[in-house]
Amino acid sequence: MTDLLAASEIEALQVANQHASSYRRAENTRSIPPSQTASEAHEIFGGALNDEGQDADQVLRDIIAKSDGGILDFTSPRFFGFVIGGSHPVGVAADHLVSAWGNPSSYAELTPGVTAMENQMTTWIADLLGLPDNCGAGIVTGATMANTIAIMAARNALLAREGWNVEDQGLFGAPEINVVLGDEAHSAVFAGLRYAGFGAKRVTRVPADAEGRMIATELDRALNALTGPTLVIVQAGNVNSGASDPFAEIIPIARKHKAWVHVDGAFGLWLAASPDTRAIVAGVAEADSWAVDLHKWLQAPYDSAIAFVRDKARLATAMSAKGAYLPDEGTFPDPSDFVTELSRRARGVPSYAILRTLGKSGVSQMIARHCVLAKHLARLISAEPGLTVLNQVVANQVVITCGEGEKGDAQTQATLAKVQENGKVYPTHGNWRDRTIIRCSICNYATRQNDVDLLAEEIITAWRDVNAA
Ligand SMILES: *Cc1c(COP(=O)(O)O)cnc(C)c1O
């Protein structure tokens, strides 16, 4: 009997596996930034395509050798940039299975294993986050898409109430929908508004307070000035300060005006998963829809997020290729009814594996621990003359600035450049309250206090050098 896999194919699978382990095990011994520039990498991976095929294991070995120096170590426990999870090893392993099985997650009866895991995963997450039972859940690539499809479901619902079927008639001639959002809404929300045909600039912005939280009385004022169907978009977890909008005040105001409330909760919604942090997002479950990333705080490998919509049929009608559609109770959801793709990888399976590996308590303790570590970092930084923590550290984000004014901004930039060049830890840049900042996000499952101590030490040492220069 001939083996369906050539020896070199079996070898390729093993080479990938071995490299994955050794890459991740060596995380704290190598420099975090890539040594290749984009142009060097394009050179290295460039050239004409070979005419003749090559052995699979040789191709893999060559890719591994050439990418040495071309990978930014996003998964390092000492990577503090953006807001990003650590691509948990069990998620990586499960992702490998997803590719090996090659099953799309489209129809429950067609590919029962992967769809069952995905459906269970979204139910578990709704439960962990305290969201209503029986939401529609679309598993998408990231919070950008999750926001987008939730906005599309909102559009469908708001226009249906006006007697307009947007799926059949489109937006031309439709009643106008007001879009109201906070001054600190993430750029992904504006992208979602563009994709959904609302326009990024056709919005009413509500002022935010110093931490970036929407001001409830200002929302009331804005809504009083508007008539007609309205979509209000709020935020759990500001990407700089980590602050969340005051949902318990805001959502009842929006309700009074019959608005649809959507929450961009890319990372901040996870605060609901721990009793220690839940109060920060109290009331968030009263909204109509939520976007939440799995590749941030849940540690799923890229690319993974969920759009939850309270009214399941609204999401299905907006998304399903089957057209006007009400899911039958008692049948298993077809995941493709809740997203824009008919065929897609079963990207929810890694999160299923991660949830089982961490358990409920593992998830909740991780969220709480990251927030404790953020406060620890803020204390270390604040103790250094000339360094300021600009935000109230309520979650996992710490906003740091050096010196004062324009000179300080230049010093902040120089300090960050030194830290990144040193390569032992890796925060990233940003702007907050008219200042250039060093933004530190504590979001990796493997990050421990010694990693955070090193982060503080690296920033302080770099700052002293910059300030002495
Ligand atoms: C990260 C983030 C997004 C975008 O999410 P992607 O997963 O990159 O698409 C949107 N909103 C907020 C608040 C975020 O933190």
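We did not get these values from a lab; they are worked out from the coordinates using the rules stated. Please read these numbers as outputs of a predicted model, since none were measured by experiment. Reconstructed Cβ throughout: ideal geometry from the backbone, glycine too, with neighbour counts over all protein chains shown.
Please list 3J(HN,Hα) in residue order for segment 227-237, calculated via the Karplus relation 6.51 cos²θ - 1.76 cosθ + 1.60 where θ = phi - 60°; whole Hz, with x for glycine and proline.
Computed from phi, the couplings for segment 227-237 are 10, x, x, 9, 10, 10, 10, 10, 9, 10, x Hz.
How many nm separate the modelled label positions at Arg30 and Ala279, each set 7 Å beyond the Cα in the direction of the Cβ?
4.4 nm
Just want the answer: with Cβ charges of +1 for Lys and Arg and -1 for Asp and Glu, which residue in Ser106, Pro89, Phe74 is farthest toward the dipole's positive end in segment 61-111?
Value: Phe74.
Roughly speaking, what % of Cα-Cα pairs in segment 269-315 are separated by over 15 Å, rounded to a whole number?
That fraction is 54 percent.
Please pull out the direction-averaged projected area of segment 26-167, using the convex hull of its alpha-carbon atoms, in nm² to one decimal place.
Convex hull of Cα atoms, orientation-averaged projection: 14.4 nm².
Write down the Kirkwood hydrodynamic radius of the chain, to one decimal in angstroms, obtained as one divided by the mean of 1/r over all alpha carbon pairs.
For the chain, the Kirkwood estimate is 23.7 Å.
Starting from the amide H of His429, placed 1.01 Å from N in the peptide plane, find each other amide H under 5 Å away whose residue is 5 or more places distant or on another chain.
The answer is Arg439.
Would you mind ranking His376, His429 so that the residue whose beta carbon has the fewest other beta carbons within 10 Å leads the list?
Least to most surrounded, the residues fall as His429, His376.
From the phi of every residue in segment 107-124, what ³J(HN,Hα) in whole Hz does the Karplus formula 6.51 cos²θ - 1.76 cosθ + 1.60 yield, where θ is phi - 60° and glycine or proline is x?
So the Karplus estimates, Gly and Pro as x, are 10, 4, 6, 6, 10, x, x, 5, 5, 5, 5, 5, 4, 5, 4, 5, 5, 4 Hz.
Count the net charge of all other residues whose Cβ sits under 15 Å from the Cβ of Leu72, scoring Lys and Arg as +1 and Asp and Glu as -1.
Local net charge: -1.
Would you be so kind as to identify which of Ala414, Asn444, Ile460 lies farthest towards the positive end of the dipole of segment 406-469, taking Lys and Arg as +1 and Asp and Glu as -1 on Cβ and the Cα centre as origin?
Of the candidates, Asn444 comes out farthest on the positive side.
Among Asp133, Asp245, which comes first, second and so on when ranked by fewest other beta-carbon atoms within 10 Å?
Asp133, Asp245
If you place +1 on the Cβ of every Lys and Arg and -1 on the Cβ of every Asp and Glu, how big does the dipole about the Cα centre of the chain come out, in debye to the nearest 20?
Using Cβ point charges on Lys, Arg, Asp and Glu, the chain gives about 1220 debye.
So what's the net charge close to Trp270: Lys and Arg +1, Asp and Glu -1, counting the other residues with Cβ under 15 Å from its Cβ?
Overall, the nearby charge balance is 0.
What percentages make up the Cα-Cα pair-distance distribution of segment 49-129 when the bins are 5 Å wide from 0?
All Cα pairs considered, the percentages come to 3, 10, 11, 15, 18, 14, 13, 11, 4, 1, 0.
Normalising by the residue count of segment 293-442, find the relative contact order in percent from Cα pairs under 8 Å and 6+ residues apart.
It rounds to 14 percent for segment 293-442.
Using θ = phi - 60° and the Karplus form 6.51 cos²θ - 1.76 cosθ + 1.60, what ³J(HN,Hα) does each residue of segment 293-303 get, whole Hz, x for Gly and Pro?
Ordered by residue, 3J(HN,Hα) equals 7, 9, 7, 9, 5, 7, 6, 5, x, 3, 10 Hz.
What share of the DSSP beta bridges in the chain is antiparallel, in percent to the nearest 5?
Rounded to the nearest five, the antiparallel share is 60 percent.
Provide the packing ranking of 39-47, 442-450, i.e. peptides ordered by the mean count of other C-beta atoms within 10 Å per residue, highest first.
Order by mean packing, descending: 442-450, 39-47.
If amide H atoms are built 1.01 Å from N in the plane of the peptide, which residues on other chains or at least 5 residues away come under 5 Å of the amide H of Val206?
For Val206, whose amide H was placed from the backbone, the distant partners under 5 Å are Leu181, Gly182, Asp183.
Let me know the charge dipole size of segment 1-148 about its Cα centre in debye, to the nearest 20, where only the beta-carbon of Lys, Arg (+1) and Asp, Glu (-1) is charged.
Charge dipole of segment 1-148: 640 debye, to the nearest 20.
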